[in-house]
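The values are calculated or read from the model by the stated rules, or taken from the named source; none is laboratory data. If you're wondering where the values come from, they're calculated on a predicted model, not measured in any experiment. Cβ: placed from backbone, ideal geometry, glycine included. Neighbour counts: every protein chain shown. These accessible areas exclude ligands, DNA and RNA; they are computed on the full protein's heavy atoms, side chains included. Shrake-Rupley method; radii C 1.70, N 1.55, O 1.52, S 1.80 Å.
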Protein chains: 2
Amino acid sequence: MEYILSERVKTLKPSAIREIFKYAADPTVVSLSAGNPAPEAFPVKAIAEISAKIFENEPIAALQYSVTEGYAPLRKAVAERMKSRYNIGTDNDDIIITSGAQQVMDLITKSTVNEGDTVICEAPSFIGSLNSFRSYNARLCGIPLESDGMNIEALENALKNEKNVRFIYIISNFQNPSGVTTSFEKRVKIYELAKKYNVMILEDDPYGELRIKGENVPPIKSLDKDGIVAYAGSFSKVLSPGMRLGYVIAPKEIVQKMVVCKQGEDVHTNAWAQLVAHRFMTEYDFEAHLEGLRDIYRKKVNFCTELLDKYLVPNKISYQPIDGGLFIWCKLPEGADMTDFCKQAVLRKVCVVPGNAFLTDEKEQCSSFRINFSTPTDEQLEKGIKILGELAKEVL
Amino acid sequence: MEYILSERVKTLKPSAIREIFKYAADPTVVSLSAGNPAPEAFPVKAIAEISAKIFENEPIAALQYSVTEGYAPLRKAVAERMKSRYNIGTDNDDIIITSGAQQVMDLITKSTVNEGDTVICEAPSFIGSLNSFRSYNARLCGIPLESDGMNIEALENALKNEKNVRFIYIISNFQNPSGVTTSFEKRVKIYELAKKYNVMILEDDPYGELRIKGENVPPIKSLDKDGIVAYAGSFSKVLSPGMRLGYVIAPKEIVQKMVVCKQGEDVHTNAWAQLVAHRFMTEYDFEAHLEGLRDIYRKKVNFCTELLDKYLVPNKISYQPIDGGLFIWCKLPEGADMTDFCKQAVLRKVCVVPGNAFLTDEKEQCSSFRINFSTPTDEQLEKGIKILGELAKEVL
């Protein structure tokens, strides 16, 4: 049989990162290409205790069908915490628990973007989100990212000239892949522009709690007096990604449609995971746990930065210092063949992610690549960065 | 702000069943409107044991990111069982683990149906699936369901006359809501017609293991020499719906695109649930567990049937006898106002689902309603059916 595929998936490809994982599966290869939280960051003991209690005292709550919007006590706990700590959420907003923050990208696109409509995003940006937008045949318009956020002039030009722009997608803290945190000044400007052009903002913030130095920058959502921002949060980096637990706080009118779409997608999010997250937030010291995570990642970032400074020759590979998150964005000299460099690195058993994977058009020129420091051990990290430095000296 | 919604969700409404749940939430109301497995059907002790072991011996496997296709040992266990027991799956097929079988409906529609393309389904059919198809702006074409499956003539007419038919959606065993099992003869005819008109079949089989009498009818997928059938299976009725665990066995070309779509939807299915299901299938006596479930439901069906025979006057409410599944389809006399009857029932504190909720066009005339016997207790079931019988005598 000749299979007929929908137009929206014909050009959709598996994530380039997933393809790279094929090499990374080789145990002799040092993988700096993942985005996994450090294994020591999982509160295994607490999760084991909570699970045991749930199956002893209220197994049916974890095993029976639940409601699409999410487990009410968890929705309440998250909404209250985000309100009190970050001033996120208004009376006009509602919250739903999703199957990872990835599902927020899917549901909001399904609810607000017709095929051919435009989504504005940072360039580079997270490939998983870009693929989610692409899977609804959205047109992607990338705005160059500077060290303090999007180029504002380019953003206004796009808002002025692009047709049917439905939302601006922005990872405001420790952006994946660039590590960039959008400054408060730019957050205000982006918010004002979105308001002026009557376009929503989708603020994706999976790494916000992983700040290892400096002051928190108020989320764009905290500025949202006009009901134009949808905020996507995640438990993947603060509890466990395997649980697939995220949430969205957004204007009720949008959330209502997202709920109907979620009903048709997976009915509701895994109930056990929702109960565990709720108990962990309310019966354990969640804030102390986050402090512990920041300690873990602070050590890792500092160690990684030392290695980069030790092994890389600056005029061969430069990198963008970070204040948090899981990734560091490395840049080859203008004109260097980045793709070839990444291939050579694989031959020497080090895996990184070529930067063009994160562009709206993968064929565009890009001289950067992404490394991750949370997944490898210290030994692996040192080995990998040393090899990258040697390779750069030889071939660049 | 005036929110702009996509065309595909503008007319999408929350499931009528979910609306009815509002009444059912009143503890004084007897709900015969749910579709929940019986609470005593969950293997709580085994799940508790397995979870404890996982968090002791391999917590990271349950908590870290996993692969989109699903946990490989679970994929293997399911594929092998379905092959050996039901002859499902060929060398041309692949399997992915999904977040409930509901996600299969979503992913296959996303992968194969352009907006405006047609999906053929049984009339009536499961509203959750219909809403999933609708959420991609599919045109639904309902084929009248007879006591042994779709009307074959109407099916061939539709295949001949409808444009861009992408697949035929069929719940082959103990259909929701009608309870109908498609006969082997009709399965063969439907397969041959699909082949003739070069259209795929989506066979949804969440209730197949819940047969309480008679012989299993071979799945349509077992006839699939031509690679035209996608088979959706579920753990919701045989393990736990709260886990959100399903799977699809389908031709590789389609599965590949579904995997890319799943990546953008939720990255992967909850890892803990996948590990638990795998251990339960391989380290416990899964077949004995299923036999136990059938015993539970056999008793419930028999009890419910006795009540229907005792309290309903046949020329007021008739019902379709069932060989398995969770639902019984009741019919009022031709011309009776079914919607009004269901409303009156709610006033007397019994909740059933009006049959038109399951039609491709809810405004069409329908004289049936659906009751569920797996969720209520014996006392609730008797109370509810007695009230329905009294109401029928009074108002019909």
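Odds and ends about this structure:
- The accessible-area loss of region B:243-263 on complex formation, taken against its chain alone with a 1.4 Å probe, reaches 30 Å² or more at B:244, B:253, B:254, B:257, B:260, B:263.
- The residues of the protein assembly as shown expose on average 36 square angstrom of accessible surface per residue, using a 1.4 Å probe on protein heavy atoms.
- Once the trypsin sites (Lys or Arg not before Pro) in DSSP loops with at most 12 neighbouring Cβ atoms within 10 Å are cut out of chain A, the longest remaining piece is A:1-162.
- Hz values of 3J(HN,Hα) by residue in region B:145-157 - Karplus curve (6.51, -1.76, 1.60), Gly and Pro given as x: 9, 9, 5, 10, x, 4, 5, 5, 5, 5, 5, 5, 4
- Computed from the alpha carbon positions, the gyration tensor of region B:96-222 leads to an equivalent ellipsoid with semi-axes of 21, 18, 13 Å, biggest first.
- Distance histogram in 20 Å bins (all Cα pairs of chain A, percent per bin): 27, 58, 15, 0
- Cβ-placed point charges (K, R +1; D, E -1), dipole of the protein assembly as shown about Cα centre in debye, nearest 20: 140
- Ordering A:212, A:235, A:190 by the projection of their Cα atoms onto the charge dipole of region A:182-341, which places +1 on the Cβ of Lys and Arg and -1 on the Cβ of Asp and Glu, puts A:190 at the extreme positive end.
- Farthest toward positive dipole pole in region A:122-187 [+1 Lys/Arg, -1 Asp/Glu at C-beta], among A:142, A:131, A:177: A:131
- The length gained by stretching the chain between residue A:295 and residue A:310 to full extension, at 0.36 nm per residue less their Cα-Cα distance, is 3.1 nm.
- Dimensions of region A:48-108 based on its C-alpha atoms, expressed as ranges along the principal axes with the largest first, amount to 38, 27, 19 Å.
- Projected over every direction and averaged, the convex hull enclosing the alpha-carbon atoms of the protein assembly as shown yields 32.2 nm².
- Theoretical FRET efficiency, 1/(1+(r/R0)^6), r = Cβ-Cβ of residue A:196 and residue A:282, R0 45 Å, to 0.05: 0.65
- Using a cutoff of 8 angstrom between alpha carbon atoms and counting only pairs six or more residues apart, the relative contact order for chain B works out to 25 percent.
- Accessible surface of the protein assembly as shown [probe 1.4 Å, protein heavy atoms]: carbon and sulfur percent: 51
- The Cβ shell under 13 Å around residue A:319 holds other residues with a net charge of +2, Lys and Arg each +1, Asp and Glu each -1.
- Dividing the alpha-carbon radius of gyration of region B:338-380 by the rule-of-thumb value 2.2 N^0.38 Å gives 1.27.
- Whole-Å distance, taken between Cα centres, linking region B:51-80 and region B:81-148: 26
- DSSP bridge analysis restricted to the protein assembly as shown gives an antiparallel fraction near 50%, rounded to the nearest 5.
- Residue separation of residue A:58 and residue A:40 scaled by 0.36 nm, minus their Cα-Cα distance, works out to 3.6 nm of gained length.
- Spin-label pair residue A:92-residue A:395: with each label point 7 Å from Cα along the Cα-Cβ axis, the two points sit 5.2 nm from one another.
- Interface between chains A and B: roughly 6700 Å² of accessible area buried, both sides summed (probe 1.4 Å, protein heavy atoms only).
- Amide H contacts under 5 Å for residue A:146: A:151, restricted to partners 5 or more places along the chain or on a different chain, H placed in the peptide plane at 1.01 Å from N.
- The label point for residue B:347 and the one for residue B:25, both projected 7 Å from the Cα toward the Cβ, are 2.4 nm apart.
- Region B:263-339: GluC sites (Glu not before Pro) falling in loop per DSSP and having at most 16 other Cβ within 10 Å: B:334
- Straight-distance candidates among the aspartates and glutamates for linking to residue A:163, with alpha-carbon spacing under 13 Å and chain neighbours fewer than 8 residues away dropped: A:115, A:117.
- Using only side-chain charges placed at the Cβ, +1 for Lys and Arg and -1 for Asp and Glu, the dipole size of chain B relative to its Cα centre rounds to 240 debye.
- Evaluated over region A:182-245, the count of Lys pairs having alpha-carbon atoms less than 21 Å apart is 13 (only pairs 8 or more residues apart or interchain).
- Residues of region B:19-55 whose accessible area (probe 1.4 Å, heavy atoms of protein chains only) drops by at least 40 Å² once all protein chains are present, relative to their chain alone: B:36, B:42, B:44, B:55.
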